[in-house]
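Please read the structure below before turning to the comments.
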Amino acid sequence: VNGRPAKSKRSIPMYTNPKSILITGASSGIGTALALHYAAPGATLFISGRDQERLDEVARQCRDAGAAVSSWVGDVTDEAGLKAWIYSCDDDCPLNLVIANAGVALGATEVKGLHQAAVDSFSINVNGVFNTVHPALEIMSSRRPYPVNNAQIAVMSSVMGYAGMARSPAYSSSKAAVKHYGQALRGAFRNMGIGVSVICPGYVSSALTARNSSTMPFLIDAEKAAE
């Protein structure tokens with residue numbers, strides 16, 4: 001226009017085919033399904049969970065599929081321990097994708113249980129996400145040049161994060177918090193080339209939903225959710 005060259009849009013790198021992937025909460029449910037989904041020759045998986053036996057079994061299956069696997073048994077509420085593990089994983093193989101998946105679905109059947117359910121839910125579902133994504137973002141944002149290539153964060157929220165649910169106030173509000181936080185991070189880190197995805201599954205067959213006696217419409221299995 002008016003004889004001036006059009007401004008070129010800087011292309012934002014696509015986040016496909018990650019080769020170095022870190023997943024928290026990988027010892028059950030969607031976390032296990034995601035680890036198995038990404039397990040393939042040429043892939044390096046870093047998986048964590050709180051159950052040593054289950055995590056070892058997931059690691060075995062992923063290795064059988066051809067992936068290189070390293071595991072850490074720990075809790076996402078362990079800020080220092082989780083940060084040290086994430087940094088060591090990146091030292092071993094620069095991380096392309098970090099999935100903050102670990103979470104709990106806590107409820108309270110009596111009024112006196114509301115407080116503890118809320119505190120525990122936010123400690124794991126919100127602070128646990130912070131403890132995972134903040135070290136990963138520190139690592140990825142230190143890479144040069146900008147925009148960085150093949151660096152992505154994924155935050156596991158839920159469709160329950162869209163509205164306060166009377167039957168699960170602690171869970172739904174904690175998932176709303178990480179949904180909004182992830183959406184905000186997406187814009188904050190876009191120009192650095194770091195992708196931020198917010199995942200909002202519906203009902204998925206897992207140890208969490210197995211204890212649910214209420215109606216669960218559109219229930220799908222963990223493998224379908226991972227896809």
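The values are calculated or read from the model by the stated rules, or taken from the named source; none is laboratory data. Keep in mind that this is a model prediction, so the values were computed, not measured. All Cβ positions, glycine included, derive from the backbone under ideal geometry; neighbour counts span all protein chains shown. Areas reflect the complete protein model, heavy atoms only, side chains present, ligands, DNA and RNA absent. Shrake-Rupley method; radii C 1.70, N 1.55, O 1.52, S 1.80 Å.
Considering segment 167-180, and only residues there that are buried (at least 21 other Cβ atoms within 10 Å of the Cβ) and not small (Gly, Ala, Ser), the residue that is nearest to Ile199 (Cα to Cα) turns out to be Lys179. None of Ala105, Ala100 is closer than 21 Å to Lys179 by Cα, crowded, with 16+ Cβ neighbours inside 10 Å and at pLDDT below 95 except Ala105. On the given criteria, is Tyr15 under 23 Å from Gly193 (Cβ atoms), open to solvent by less than 80 Å² (accessible area, probe 1.4 Å) and at pLDDT 95 or above? For Tyr15, the condition - under 23 Å from Gly193 (Cβ atoms), open to solvent by less than 80 Å² (accessible area, probe 1.4 Å) and at pLDDT 95 or above - is not met.
Yes/no per residue for (1) surrounded by 21 or more Cβ atoms within 10 Å (Cβ to Cβ); (2) aromatic (Phe, Trp, Tyr); (3) assigned to a strand (DSSP E or B):
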site	(1), (2), (3)
Asn149	no, no, no
Ile153	yes, no, yes
Gly182	yes, no, no
Arg186	no, no, no
Val196	yes, no, yes
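Scan Ser157, Ser141 and give me the residue that is in contact with a strand residue (DSSP E or B) (Cβ under 8 Å, 6 or more places away or on another chain), open to solvent by 10 Å² or more (accessible area, probe 1.4 Å), modelled with pLDDT of 95 or more and not charged (D, E, K, R). Walk me through it before giving the result.
Details: Ser157 fails: open to solvent by 10 Å² or more (accessible area, probe 1.4 Å).
Going through Ser157, Ser141 in turn, the sole match is Ser141.
Yes/no per residue for (1) among the charged types (D, E, K, R); (2) free of Cβ contacts under 8 Å to residues at least 40 places away in the same chain; (3) over 13 Å from Asn101 (Cα atoms):
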| position | (1), (2), (3) |
| --- | --- |
| Leu34 | no, no, no |
| Gly42 | no, yes, yes |
| Gly49 | no, no, no |
| Asp56 | yes, yes, yes |
| Ala59 | no, yes, yes |
| Arg63 | yes, yes, yes |
| Val73 | no, yes, yes |
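Just checking: which of the helices (runs of 4 or more DSSP H) contained wholly in segment 18-92 hold 2 or more residues that are closer than 27 Å to Arg143 by Cα and out of contact with any Gly (no Cβ under 9 Å at 6 or more places or on another chain)?
Working: elements: 29-38, 52-64, 79-92.
Result: 29-38, 79-92.
For segment 63-97, filtering for residues that are open to solvent by 60 Å² or more (accessible area, probe 1.4 Å), farther than 14 Å from Lys19 by Cβ and charged (D, E, K, R) leaves 6.
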